[in-house]
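Take a look at the structure below.
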Amino acid sequence: MVKRLSHLAALLAVCWCAPAALAQGESKFEISFPPSAHAGPITGRVFVALAKRETPEPIAQVGSWNGQTPFFAVDVEQLAPGTPVVMGSRAAGFPASSLKDVPAGDYYVQALVNVYTQFHRSDGHTIWAHMDQWEGQHFTRSPGNLTSEVRKVHLDPSAGYDVKLELTRVIPPVQPPPDTAWVKRVKIQSQLLTKFWGHPIYLGATVLLPKGYDDHPNERYPTIYIQGHFGLGAPFGFSERPTTGGRGPAGYQFSQQWTADDFPRMFAVTFQHPTPYFDDSYAVNSANDGPYGDALLEELIPYLEEHFRMVRSPHARVLTGGSTGGWESLALQVYHPDFFGGTWTMYPDPIDFRRYQLVNIYEDANAFQPPGFEYNVPERPLMRSAEGQVTVTMRQMCQLEEALGSKGRSTQQLEAWEAVYGPVGEDGYPRPLWDKSTGKIDHEVALYMRDHGYDLTYYLQKNWAKLGPLLKGKLHLYVGDMDNFYLNLAVYMLEEFLKTTDAGATFEYGRPMKGHGWQPMTNPELVRMIAAEIQKNAAGH
């Protein structure tokens, strides 16, 4: 009996290890990694990209909301070296939703695993997410992630295929640009965020020095804090050479003015504060992201003011930024009206959630389709051209985010907002504002976002008696009338409210057909405008 059981166990082991015959029409990828690439098991998300062109590498072609390179992904938990994960027709995909939908043909294929870190947060939740490695949550170039070599294969879903890929390459560490005479970089560990995440979390800043800084050791200077996405480049794209770095010719032209004798003397600073959910924290405290607002104001800015000769006065701390940085610049000014001396806010992310792009998250039932239609219900757009052509819908963006990461871990825009503004779900991950497959809005989440102060128009209305005197003359907003993401609509609503007050806020709209990224002045002109305002306000200090 023992001998028969042993023989049966051996037979079962052979059957278990032998590859199963491919069913007619079945298509799959098998992805594994050797111990030489990663010694221990991996929890994370495995991707396969199917590209028609060889360069850039297939995995570098994925992740964009209007991308045309199909990719597919599955989560893995404690995947051991040498053990393949099978990716079949049920894998999440974009823009094709299934491997079955990929047309037959020749493709360059490549796999990647986005490695997650386990966080034991101080709120009692334990989660897995990607720990940024100072790449700004770009998983296709994040240090420590593994990729395979590129293979050219013929895929035919009608006949079926079984493609094996091995993750043998490790993405190397990021090499920050070196400091120069003009540009200095800072990176510090945040004690507040480290405590919240149960893991070392870092904040950074890139500082552009004023002309004559080293020649006048007793002089202090005001500071422009430029908000925006993660980046290690110099503020305002400052570039000391016309052909490298910065923003090309514009960055070099800016540097020519910044270093001129008649240009205003001040610091320009950008922040680096990526989170496990996005490349930027939105500079506020958050139930999901932790106390980033406190960390910036209580740790990073004091560190900068201690190590650089900055004027430590509200009138000499001013803000600007566009898009994500636009929302941040306005939020920092509104939340801390007696710490900052003014904001020049460009094309901000939704600042009134009655216009969360085109969605009214309080009244609409569905994010994918507008109300008021019984037949031929149109899809709700997320992005348009300046001429009005819809290029991406809300539904398509949610499909992309679902393919990039489960449980709100796509590190893309809609889920970044949910992580910043929304509550923590029972599983420890951000609770979605709407169902990613149906678009049905969860109004409890919507009201949480509003009542916790992230709807900036609502926050101002509720607290105007206190905030109004502190914000007088400090709010300046700029947006194109055809913003590609419909962000102008929320700005109109804020203006409607502020017109009923004595805020002295200014609004300027780019017309006609000015899209996302429009601002009415060059960066040198913006700096001169801000410097004039600082000088005017300095008289009272």
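Annotation: average projected area of region 360-451 is 6.7 square nanometres, based on the convex hull of Cα atoms across all directions. Candidate values (i) 37.5; (ii) 30.4; (iii) 27.4 were compared with mean projected area of the Cα convex hull in nm² computed on the shown model; the agreeing label is (ii).
Only Cα pairs under 8 Å and 6+ residues apart enter the sum, and on that basis the relative contact order of region 360-451 stands at 26 percent.
Ranking 37, 422, 85 by how far each Cα lies toward the positive end of the dipole of the chain (charges on Cβ) leaves 37 at the top.
Taking packing as the residue-averaged number of other Cβ atoms within 10 angstrom, the listed peptides 325-333, 226-234, 87-95 run from highest to lowest as 325-333, 226-234, 87-95. Taking a point 7 Å from the Cα of residue 312 along the Cα-to-Cβ direction, the residues of region 335-358 with backbone N closer than 16 Å to it are 339-340. To the nearest 10 degrees, how steeply does helix 394-404 sit against the main Cα axis of the chain, on a 0 to 90 scale? Once rounded, one gets 60 degrees. Look at the dipole of region 349-466 built from charges on Cβ: of 389, 448, 463, the Cα furthest out on the positive end belongs to 463. Relative contact order of region 176-312: 27 percent, from C-alpha pairs under 8 Å at least 6 residues apart in sequence. Sequence-ordered 3J(HN,Hα) estimates for region 147-158 from the Karplus curve with 6.51, -1.76 and 1.60 and θ = phi - 60° stand at 10, 9, 5, 7, 10, 9, 9, 9, 10, 9, x, 5 Hz, glycine and proline given as x. Give the residue list of chymotrypsin sites (Phe, Trp or Tyr not before Pro) in region 361-404 that are DSSP loop and have at most 13 other beta-carbon atoms within 10 angstrom. Sparse-neighbourhood loop chymotrypsin sites (Phe, Trp or Tyr not before Pro): 373, 375. Here the calculated FRET efficiency for residue 250 and residue 377, from their Cβ-Cβ distance with R0 = 56 Å, stands at 0.80, rounded to the nearest 0.05. Normalised by the number of residues in region 85-162, the mean separation of alpha-carbon contacts (under 8 Å, six or more apart) gives a relative contact order of 36 percent. Only alpha carbons enter this Debye calculation for region 499-539, each as an equal point scatterer, and the log10 of I(q)/I(0) it gives at q = 0.29 Å⁻¹ is -0.99. Shape call for region 105-203 from the C-alpha gyration tensor, a ≥ b ≥ c root eigenvalues: rounded (a/c under 1.5), prolate (a/b greater than b/c) or oblate? Taking the square roots of the gyration eigenvalues as a ≥ b ≥ c, region 105-203 is oblate.
When peptides 318-324, 71-77, 208-214 are ranked by their average number of other Cβ atoms within 10 Å per residue, the highest-first order is 318-324, 71-77, 208-214.
Over all pairs of different C-alpha atoms, region 308-434 has a mean inverse distance whose reciprocal, the Kirkwood radius, equals 16.9 Å. On the basis of the beta-carbon distance and an R0 of 22 Å, residue 39 and residue 194 show a calculated FRET efficiency of 0.30.
By the rule of a C-alpha distance below 26 Å, with chain neighbours fewer than 8 residues away ignored, the lysines paired with residue 440 are 407.
The mean of 1/r over all pairs of different alpha-carbon atoms in region 176-279, once inverted, gives a Kirkwood hydrodynamic radius of 15.0 Å.
A simple charge model with +1 on the Cβ of Lys and Arg, -1 on the Cβ of Asp and Glu and nothing else charged puts the dipole of the chain at about 620 debye relative to its Cα centre. Shown here is the pair-distance distribution of region 41-172: with all Cα-Cα distances grouped in 5 Å bins from zero up to the longest one, the shares run 2, 10, 19, 23, 20, 13, 7, 3, 1, 1, 0 percent. For region 57-64, the Karplus equation 6.51 cos²θ - 1.76 cosθ + 1.60, evaluated at θ = phi - 60°, returns couplings of 3, x, 5, 6, 8, 9, x, 8 Hz by residue, with Gly and Pro reported as x. Relative to one another, the C-alpha centroids of region 153-184 and region 410-445 are positioned 29 Å apart.
Full extension of the chain between residue 77 and residue 496 gives 145.8 nm of extra length, using 0.36 nm per residue less the Cα-Cα distance.
Computed from backbone phi with θ = phi - 60° and the Karplus coefficients 6.51, -1.76 and 1.60, the 3J(HN,Hα) list for region 68-83 is 10, 8, x, 9, 9, 8, 9, 7, 10, 10, 6, 6, 7, x, x, 9 Hz; x is used for glycine and proline.
Using a simple spin-label model with pseudo-atoms 7 Å out from Cα toward Cβ, residue 159 and residue 470 lie 7.0 nm apart. In this structure the amide hydrogen of residue 130, modeled in the peptide plane, comes within under 5 Å of the amide hydrogens of 117, none closer than 5 places in sequence on its chain.
For the pair residue 444 and residue 125, label points projected 7 Å from Cα toward Cβ lie 1.4 nm apart. For the chain, the residue among 316, 329, 404 whose Cα projects farthest onto the positive side of the dipole built from Cβ charges is 404. Counted over the chain, the DSSP beta bridges are approximately 65% antiparallel.
Every number here is computed from the coordinates shown, using simple stated rules; none is lab data. Values in this document were obtained by computation on a predicted structure and should not be read as measured data. Backbone-built Cβ (ideal geometry, glycine too); neighbour counts: all protein chains shown.
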